[in-house]
Amino acid sequence: MSARDDILAAVRAALADATPEPSPVVSPVGVVPNDLVGLFAERVADYRAVVERCSVADLPARVAAALPPGARVVVPSGLGLDVPGQVVDTGLSSAELDALDAVVTRAALGIAETGTIVLDHGPDQGRRAISLVPDVHVCIVTEDQVVADVPDAMGRLDPSRALTWISGPSATSDIELDRVEGVHGPRTLQVLVVR
Amino acid sequence: MTGTFVGMPAFPVAAREALGDTQLRHNLAHATGVIRAKRAAVVGEVDNWEDLRLAGAAVKERALTDLATHLEELERMLVAHGATVHWARDAAEANAIVVGIAQGHGVDEVVKVKSMVTQEIDLNGALAAAGIAAWETDLAELIVQLGGDLPSHILVPAIHRNRAEVREIFLREMGGAGRPAPADLTDEPAMLAAAARAHLREKFLRAKVGVSGANFAVSETGTLVVVESEGNGRMCLTLPEVLVSVVGIEKVVPTWAELDPLLRLLPRSSTGERMNPYTSTWSGVTPGDGPQEVHVVLLDNGRTRALADSVGRQALRCIRCSACLNVCPVYERTGGHAYGSVYPGPIGAILNPLMQGTGDKQVDSLPYASSLCGACFEVCPVRIDIPEVLVHLRSKVVDAHRSDTVPSAEAVAMKGVAWTFSDARRLARAERASGVAGRVMKRMFGVTLPGGRAASGKLPGPDGGWTSARDLPAPPAESFRAWWQRVGRLGRQGGGES
Ligand code: SF4
């Protein structure tokens with residue numbers, strides 16, 4: 001027998017006494033905050049990310065201000081915004097991405113309770129590598145993209161896409177449990193919440 | 001001590017050695033204390049934490065009780081999304097598959113994201129034997145690997161190293177493995193992390209093959225999930241051309257929506273955060289994004305053996321959060337190495353015997369590496385009743401040795417345990433009369449101890465189930481000493497051969 005058949009047979013034999021449960025488990029309710037966007041901003045900031053709220057009109061200036069002076073910035077093709085120093089991603093190699101200073105993307109949604117941004121890597125966010133290799137990530141979230149809690153997010157996301165959930169900058173607590181921001185992912189995360 | 005856990009002495013011997021190491025005990029006490037406090041704070045802010053625990057347990061239970069169906073669906077969905085699915089009965093088969101893939105691409109190195117399952121099968125050893133270097137990219141794993149050491153904690157594998165030791169290891173070893181540490185390296189954690197970033201970046205950028213595990217595998221959608229903090233996981237999952245994920249068959253979650261309670265439970269239980277910095281999910285190949293050749297190795301390696309034990313089966317619900325380690329009075333004193341396995345602490349004390357079966361001296365000693373105080377159950381996000389399984393396994397160990405002509409040390413030890421357990425008052429004296437001890441007693445002997453509580457009851461106090469566990473004093477000195485003496489004898493008998 002193949003390993004596959006062997007394992008499946010062993011699983012079935014092991015479970016001879018078990019009764020399968022056909023219906024999915026219903027998730028307990030999530031939080032229902034009064035001020036959804038306010039909570040989101042507060043929770044993102046808790047991770048020592050920089051959070052700013054702004055209007056659509058202010059967005060280009062805020063993005064420019066969030067970037068290091070003279071930075072070369074990779075952007076996804078569908079960002080819908082002109083960024084100073086931008087390099088539109090056309091399949092840059094990892095080494096080419098490593099030579100750039102920052103990245104600007106939009107997001108699929110934000111989760112207020114956990115201060116999380118989820119990217120589904122659509123055209124306004126780009127493929128996974130571009131928001132990973134550069135050291136500064138400026139992420140634009142609109143207020144209507146913010147949901148209350150994780151169960152709300154699960155319902156809105158498409159699991160057939162690759163997703164990246166980001167809660168603050170890259171961090172480690174591996175040395176004596178001291179939290180250090182910034183290991184391999186972007187060491188600076190700046191979130192712009194647009195009205 | 002390098003490379004593998006094979007040939008480790010039985011728990012009591014290893015524990016005594018560890019107890020003698022004051023630096024280790026200091027590091028552990030500090031680290032587990034910090035994590036306990038962080039966890040308590042973020043668990044306390046969730047009103048319906050107990051409902052979440054029930055849901056998390058129910059999801060994993062539902063996955064396990066119809067595992068064959070879910071595995072077949074997982075395979076189907078993975079293949080539909082362009083992945084190649086492999087099945088491995090044991091470590092050797094899994095290692096051969098991964099080595100074969102790496103050799104097929106002619107590489108002499110792979111980058112790895114921290115994964116307990118690849119430690120369980122000693123994949124790094126198998127790759128090394130084939131002339132392929134496996135670079136660990138998690139900071140703690142890097143510390144452990146460069147130090148020629150073994151991980152001691154599920155979550156913080158280098159919990160036994162302090163910052164001065166880490167600095168020394170980096171200065172001494174990084175140059176031999178790639179980019180050396182800067183000569184002016186201090187022992188500031190931020191500087192040490194920066195040195196790791198620089199050291200590993202060149203490996204990420206050039207790696208052709210990445211190796212990962214998975215925290216969850218959603219059968220309905222063929223989605224694998226990796227939960228991490230540093231971004232090394234994202235690097236390994238995204239930059240290489242080829243990705244191989246080794247996934248234990250118990251990682252299955254039936255539907256996408258059922259991931260929800262687990263994603264809410266894991267970070268709060270594990271690192272004490274509302275959410276971990278990065279979670280990656282993907283289904284097979286994403287055209288134009290990330291690895292375009294994706295392999296998934298579904299591994300048994302003893303899991304079906306554990307599944308066949310109707311009491312012990314619940315151990316396969318484990319989501320490896322490590323909360324049970326951090327509250328365990330035995331673990332806090334001995335550290336992870338004493339368990340002689342990649343799975344230490346309370347969960348290791350049940351998972352190893354369940355997966356490996358009884359008969360091995362080292363493994364058979366593990367169900368005794370506990371004072372049955374019950375703190376592990378109270379914090380477990382998927383409600384694994386570790387004390388219940390420990391008691392069950394102790395009796396299995398004794399049964400396995402019943403035909404021995406000379407009574408084994410375990411049997412002698414178990415006699416003491418059996419005597420203690422044979423009378424409710426004696427147990428109440430010997431073990432702290434906590435809710436869990438009460439529950440175990442009730443189940444075993446139909447009695448209720450003073451202070452015994454219902455298993456699902458919410459405990460009084462603002463922090464719910466957590467409060468009693470966090471404030472839990474060490475077990476009574478007499479009980480612990482008595483246990484120590486019993487297993488100490490076992491250790492002296494068993495330790496001479498290795
Ligand atoms: S047994 Fe429970 S508490 Fe322990 S690591 Fe597993 S899930 Fe966490």
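The values are calculated or read from the model by the stated rules, or taken from the named source; none is laboratory data. Only a predicted model underlies this, so the values are computations on that prediction, with no experimental measurement involved. Cβ: placed from backbone, ideal geometry, glycine included. Neighbour counts: every protein chain shown. For accessibility, only protein heavy atoms count, side chains too; no ligands or nucleic acids. Shrake-Rupley method; radii C 1.70, N 1.55, O 1.52, S 1.80 Å.
Structural remarks
- Residue within the stretch B:137-150 that is farther than 30 Å from B:CYS328 by Cα and surrounded by fewer than 22 Cβ atoms within 10 Å (Cβ to Cβ) present: no
- Test: residue in the stretch A:38-55 that is touching a residue at least 40 places away in the same chain (Cβ under 8 Å), more than 11 Å from every other protein chain (Cβ to nearest Cβ) and among the hydroxyl-bearing types (Ser, Thr, Tyr): yes
- Of the residues making up the stretch B:335-371, those that are away from the ligand (no atom under 15 Å from the Cβ) and more than 17 Å from B:ASP399 (Cα to Cα) are B:GLY335, B:HIS337, B:ALA338, B:GLY340, B:SER371.
- Condition check for A:ALA16: away from chain B (no Cβ under 14 Å), of a type in the set (A, V, I, L, M), out of contact with any strand residue (DSSP E or B) (no Cβ under 9 Å at 6 or more places or on another chain) and open to solvent by 50 Å² or more (accessible area, probe 1.4 Å): no
- Residue that is farthest from the other protein chains (Cβ to nearest Cβ) [pool: residues in the stretch A:174-195 that are surrounded by fewer than 24 Cβ atoms within 10 Å (Cβ to Cβ), assigned to a loop (DSSP other than H, G, I, E, B) and at pLDDT below 80]: A:ARG179
- Selected residue (only one of B:LEU266, B:LEU259, B:LEU239, B:LEU243 is closer than 28 Å to B:ASN326 by Cβ and either open to solvent by 10 Å² or more (accessible area, probe 1.4 Å) or more than 7 Å from chain A (Cβ to nearest Cβ) (or both)): B:LEU266
- Matching residues, the stretch B:70-97, being surrounded by fewer than 17 Cβ atoms within 10 Å (Cβ to Cβ) and assigned to a helix (DSSP H, G or I): B:GLU72, B:ARG76, B:VAL79, B:ALA80, B:ALA92, B:ALA96
- Of all residues in the stretch B:269-316 being within 14 Å of the ligand (Cβ to nearest atom) and open to solvent by 20 Å² or more (accessible area, probe 1.4 Å), the one that is farthest from B:THR84 (Cα to Cα): B:THR271
- Of the residues making up the stretch A:30-39, those that are within 15 Å of B:ARG274 (Cα to Cα) and touching a helix residue (DSSP H, G or I) at 6+ places or on another chain (Cβ under 9 Å) number 2.
- Enumeration of residues in the stretch B:363-376 that are open to solvent by less than 10 Å² (accessible area, probe 1.4 Å) and outside any loop (DSSP other than H, G, I, E, B): B:VAL363, B:ASP364, B:SER365, B:LEU366, B:PRO367, B:TYR368, B:ALA375
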